[in-house]
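To start, the structure under review is shown below, and the notes come after it.
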């Protein structure tokens, strides 16, 4: 989880820098941190904010973590073009480093 969060944070920060996205000076968490947190809770905690905030605090992944409602508002405030750029870059990275093999089942399933 720590390696995933580091990779996602670095990619998010660089993509936002390339897109010239500026954080609000009063923000307690940067947009890159919010995006990283959103992807961590989606991948590891099935979008459970309470448990993910607890684990991220224990692992000291972020210096300051917002409340559940504030995190939700910040995640929804990030424009889709920024999410799209980050997802494309992450997909390229994880596609090239993945050693997983997948098999597609072609048999129909009847109920």
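Quick one, can you get me the convex hull of the C-alpha atoms of the chain expressed as volume per residue in Å³? Walk me through the numbers on the way to the answer.
On the way: hull volume 17.3 nm³, N = 111.
Per residue, the Cα convex hull of the chain comes to 155 Å³.
Averaging the sequence gap over all C-alpha pairs within less than 8 Å and six or more residues apart, then dividing by the number of residues, gives segment 2-94 a relative contact order of 36 percent. With respect to the chain, whose longest principal axis is taken over its alpha-carbon atoms, helix 2-18 is tilted by about 70°.
Rounding to the nearest 10 and keeping the result within 0 to 90°, find how far the Cα-based axis of helix 68-77 lies from the longest principal axis of the chain. Helix 68-77 and the main axis of the chain meet at about 80 degrees. Using only Cα atoms, tell me the angle between helix 49-59 and the longest principal axis of the chain; keep it within 0 to 90° and round to the nearest 10. Relative to the chain, helix 49-59 is tipped by roughly 70 degrees.
Comparing 45, 37, 94, which has the greatest mean-square fluctuation in the GNM of the chain with Cα pairs linked when under 10 Å apart? Fluctuation is largest for 94. Taking the helices alone, the chain has a mean residue ellipticity at 222 nm of -20500 deg cm²/dmol, built from -39,500 (n - 2.57) per DSSP H run of at least 4 residues and averaged over all its residues.
We did not get these values from a lab; they are worked out from the coordinates using the rules stated. Just so we're clear, the structure is a prediction, and the values are computed from it rather than from any experiment.
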